[in-house]
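Written below as C-alpha cells is the structure these notes are about.
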Amino acid sequence: MDLDTHRCPHCPLTRSKRMVCPAFEAIFPTIKSFDHRVSSDTCDLTVEQNGVTHHAHTSIQNAARSLIGLQLALSGCPTMRKLRPLARFHMPLADADETIFRVFGMHMLRQYFRHAKGGPADWSLPELQALYRDIHELNRQLAKRIRAASHKDAAVNGLVILDAFAHEVEYNIETNLGQLAPYFESSEPPAKS
C-alpha cells in the first residue's frame, strides 16, 4: 500500500526513498493468509523457534497477533525497528504481563548499553512512553490499511489486540510500574550490617 495512504503523522520516511509503508509491506503476506478467516475461529498453532517448539490451541486473531507483532518488529519501519530486540527473544502468544516485562527489560538494557558507551540513559522512561505513543498511532493507521485490504476481521483484530498491549505498556509506565516490584524483592541482596 502506498506510503501516503493512512500515513503515520510521525513517519520520517520520504516518498523519494520509499514508495510503500514498510510495516504494511512486512505484514501483507500474513494479512492475505488470514484474509478469509473470522477472528473467533480457532486453530492449532505450532511455532518452532531456537530449538523449542510451542503448541497452542488458540483463536485465529491471537495467532495473527503473535505473527504480526514479530513481523512488525523485524520490518523496515523506523518506529517498529526500536522493538527489534524483542523479535530475537519472541514469545509466541505472550500475554500482557509477559509483554510488559519484556518491553521494560528491553528498554532498561538499551539504556544500560547506551550509558556504558557514555551516552545519556532514560531511566525515568519518557523515551519509552514516547515510543509507545508512536506505536499506538502506527497501529491506528495500520488498522485502516488492513481493513482496506481484508475481507474478514482476523488480521485487523490481531492488530487491535497488539494495540491493547501497547496501551497496557503505556498505562503501566504512567501509573503502575510498581506492580513489578514484588518480583524483585526476593532477589535483593541482604543488607550489610
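Points to keep in mind about this one:
- Filter pass, Leu83 being within 11 Å of the chain's Cα centre (by Cα) and under 19 Å from Lys32 (Cβ atoms): no
- Look at segment 1-25: where a residue is farther than 15 Å from Pro78 by Cβ and a partner is in a helix (DSSP H, G or I) and of a type in the set (Phe, Trp, Tyr), sitting 6+ places away or on another chain with Cβ atoms under 7 Å, you get Met1/Phe24.
- Val47 touching an Asp or Glu at 6+ places or on another chain (Cβ under 7 Å) and either part of a loop (DSSP other than H, G, I, E, B) or over 22 Å from Pro12 (Cβ atoms) (or both): no
- When restricted to residues that are in contact (Cβ under 8 Å) with a residue 40 or more places away in the chain and either under 15 Å from the mean Cα position of the chain (by Cα) or closer than 14 Å to Phe28 by Cβ (or both), segment 145-155 contains 6.
- Residue that is of a type in the set (A, V, I, L, M, F, W, C) and in contact with a Ser or Thr (Cβ under 7 Å, 6 or more places away or on another chain), where the choices are Leu109, Leu159, Leu138, Leu142: Leu138
- Residues located in segment 72-104, provided they are surrounded by fewer than 20 Cβ atoms within 10 Å (Cβ to Cβ) and touching a Phe, Trp or Tyr at 6+ places or on another chain (Cβ under 9 Å): Ala94, Asp95, Ala96, Thr99, Phe101, Arg102
- Out of Thr30, Thr5, Thr79, Thr58, sole residue that is of a type in the set (S, T, N, Q) and in contact with an Asp or Glu (Cβ under 7 Å, 6 or more places away or on another chain): Thr79
- Members of segment 33-59 that are in contact (Cβ under 8 Å) with a residue 40 or more places away in the chain and more than 20 Å from the chain's Cα centre (by Cα): Asp35, His36, Arg37, Val38, Asp41
Every number here is computed from the coordinates shown, using simple stated rules; none is lab data. Just so we're clear, the structure is a prediction, and the values are computed from it rather than from any experiment. FYI the Cβ positions are ideal-geometry reconstructions off the backbone, even for glycines, and counts take in every protein chain you see.
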